[in-house]
Structures are given as structure tokens and as C-alpha cells.
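Shown next, in C-alpha cells, is the structure this report addresses.
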Amino acid sequence: MYVIYCSEQLDGLSAAAIVLRYARLRNSSCRVGGFLNYTNTEDKFKEIAALRGNLIFILDFPPDQIWNFEQKLKEISQHNKIVYWNSHHPYTAEMLELMKKYVHTADFSGKLKNSAKPEQMLCSADLVANKFLPADSVAVNLKQLARDIEFWIRQDERAIKLADIISSGINKKELINNLSRGVLGSEKFEKQRQEYFDKKQKAFMQLINKLQIKQYVNHKFGFSLASSVLSSADAGDKILNTHQAVDVSVVLYRNGRISFRRREGVSIDLSKIAELFDGGGHAYASGGKIKSFKNISYENLDKILFHIDRTLKNWFLH
């Protein structure tokens, strides 16, 4: 059986839907195992290692976020086969060589670190569609929708609605199944999206009202604690659009996630900053986690901001 693990964003879900569609067209059994984020990798990879006799697909997730990575690959490979892993995040040649020992196909489109090789502007849904269903109209449509959000094009209203539906807390496995059949919406999903939209506006107001701005050398960073109803991209973009003086938005979540997004024209490589917080990503947007605290609230926010502030000051000074 094919078992899929993917990120929680539209790109990951679209990629999963394409694999599910591919399996269905081949009359192969397939299911979505679960969803990966920066805070749950330990639990999820234990879950994957406990599987038996499956073909594993890991979509839209960077391997450099995973602690004790080779050991986890060994454990999974004892009883399963990792047939495909893709990511559009930066990677190293050493990581790719390691993965080749355990993964049948490692499909990366991000920037190869310490190399002149340019980044391919391909998201994970692009990679999956191009490899498995290059001529399938549903797969082509899904990769275009994913690109619209992943690369912040935001010109397709359908993609924006899907991103909102995902953030609303919809059943992601149900949504993937619908997308795999070319169904982009339903009355049920639309009702939940509208309810989410109302919550989103209130969350935006709180995000901006609680914003704190700090300066590092010549750059201003805007910090705020976001509601879980806001995606990191939406929250970061809202800060940048609302406060023109902010060069980099820093969004915190109660579960310890932290995300960075820079204004166009700012030259800071945010993937380097994310590495300070056990994360990674792109130069223009990245994320990580605050491991020193189990959770973040307004009660301990000042302590957490002090920790982040000290980390950033040390980085800029060196």
C-alpha cells in the first residue's frame, strides 16, 4: 500500500492529492497517513517506523528539520520502502547522498547550498505532477493552484479559498480525497470557510494590536503572537502590509512555532535566521521552533521575546 505523509499547507495537500490520484489510476491501494510540521517530527517518524510492508511517500517536507535523521531512515526502511521524498527547500549535497542510501527517489528543487546551481521555482505539487501525472488535467490544475500560494502569486481566487479552507481546520484527509477527484469545493467547505473568514479578521486585529517592533542594525523586525487560525504566510504578510517600517515579520504560535517573512527588497537570508531556531526554509520566508518553552502565551511572551532578541542580536553582531 502507498502511505502518504505531507506538510499541512496547500502545496503538501495538493501533492498528496496527486499521488492519491496516481495510485487510483493504477488501481493501487493508497491512504494518507498523516501531516508533518516542525513540532511533530519525532512522533510522526515513530509512527512511520511502526508501519509494515508499505511504500512511503513524504511530500513537501525538508529533511534537515529532522533530528537523528539517518537513524530514523534506517528504522523506517527495516519494514517499509521509502519510494519518494520531495521538498522545494534548500538542501546540501551531503544530505542528498545520505538519502540516496534509503530513499528510492529524492526529488529536490530548492537551492543546493554552497553551489552556484540556481533554485528551481518548482513547488512540491509541481514535482509530483511532473513525475507521476504530467499530462493529467487534474494534476496540472492542482500544481498551478499550489504555486499560486507557495510562491505568493495570489492571483487565483480558487487557490486563496483553498488556503483559507485548510487554515479553517477542515478535515484535511477529506479535502485531499476531494482534490484528487478534481473537486475544489463543496457547500460544507464553503460554509466552514466563511466562518473561518470572520474569525480570521478578528485574529488579524489582535495580531496587529499586540505587535512589538525591535531594530537590529539597519533592519526592523515586527513580532507578534498569532492565533492558530492564521497561517504563517497570512500573518506575516499582514504585519508587513500594515506597518511599512517593518522589514521582517516574526510570527509566533502557542505551540512554539516561529516564522519569518521579509519585505521585498530586504536582503537578509531568513533561512540562516531560522537555523538559529532549529528550522530552515527560503531566503524570503522560513520557520522553526522555540525549543526552550513548551508553549507560548501572552503571560510568558516577554520572556520568549527576550530569548529571541538575545539570539538575534548575537547573530547580527557576528
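Could you list, in sequence order, the residues of the stretch 187-226 that are surrounded by 14 or more Cβ atoms within 10 Å (Cβ to Cβ), assigned to a loop (DSSP other than H, G, I, E, B) and out of contact with any Phe, Trp or Tyr (no Cβ under 9 Å at 6 or more places or on another chain)? Matches in the stretch 187-226: none.
If the condition is being touching a residue at least 60 places away in the same chain (Cβ under 8 Å) and not small (G, A, S), then the stretch 248-306 contributes N255, R257, D278, H282, K289, I296, Y298, L301, L305.
Say whether the condition of being at pLDDT below 95, in the same structural domain as H104 (by TED's automatic domain parsing) and closer than 22 Å to G256 by Cβ is met by at least one residue in the stretch 30-38. Yes, some residue in the stretch 30-38 is at pLDDT below 95, in the same structural domain as H104 (by TED's automatic domain parsing) and closer than 22 Å to G256 by Cβ. Kindly indicate whether G236 is in contact with a Ser or Thr (Cβ under 6 Å, 6 or more places away or on another chain) and part of a helix (DSSP H, G or I). Yes, satisfied.
Pairs are defined by a Cβ separation below 7 Å, a sequence spacing of at least 6 or placement on different chains, a first member in the stretch 129-157 that is within 19 Å of N86 (Cα to Cα), and a second member that is assigned to a helix (DSSP H, G or I) and of a type in the set (S, T, N, Q); the pairs so defined are L142/S14; K143/S14; L145/S14; A146/S14.
Would you point out which residue out of I160, I153, I176, I170 is assigned to a helix (DSSP H, G or I) and out of contact with any strand residue (DSSP E or B) (no Cβ under 6 Å at 6 or more places or on another chain)? None of the others qualify; the one that does is I160.
Tally time: how many residues in the stretch 67-110 are of a type in the set (S, T, Y) and either more than 20 Å from the chain's Cα centre (by Cα) or assigned to a loop (DSSP other than H, G, I, E, B) (or both)? Walk me through how you get there before you give the answer.
The initial filter retains those residues of the stretch 67-110 that are of a type in the set (S, T, Y), namely 77, 84, 87, 91-92, 102, 105, 109.
Then drop every residue that is not either more than 20 Å from the chain's Cα centre (by Cα) or assigned to a loop (DSSP other than H, G, I, E, B) (or both), which leaves 77, 92, 102, 105, 109.
Total satisfying the criteria: 5.
The single residue among F260, F277 that is in a loop (DSSP other than H, G, I, E, B) and either over 16 Å from the mean Cα position of the chain (by Cα) or surrounded by 14 or more Cβ atoms within 10 Å (Cβ to Cβ) (or both) turns out to be F277.
The values are calculated or read from the model by the stated rules, or taken from the named source; none is laboratory data. What you see is a predicted model, and the numbers here were worked out from it, not measured in a lab. No Cβ is skipped: glycine too gets one built from the backbone with ideal geometry, and neighbour counts run over all protein chains shown.
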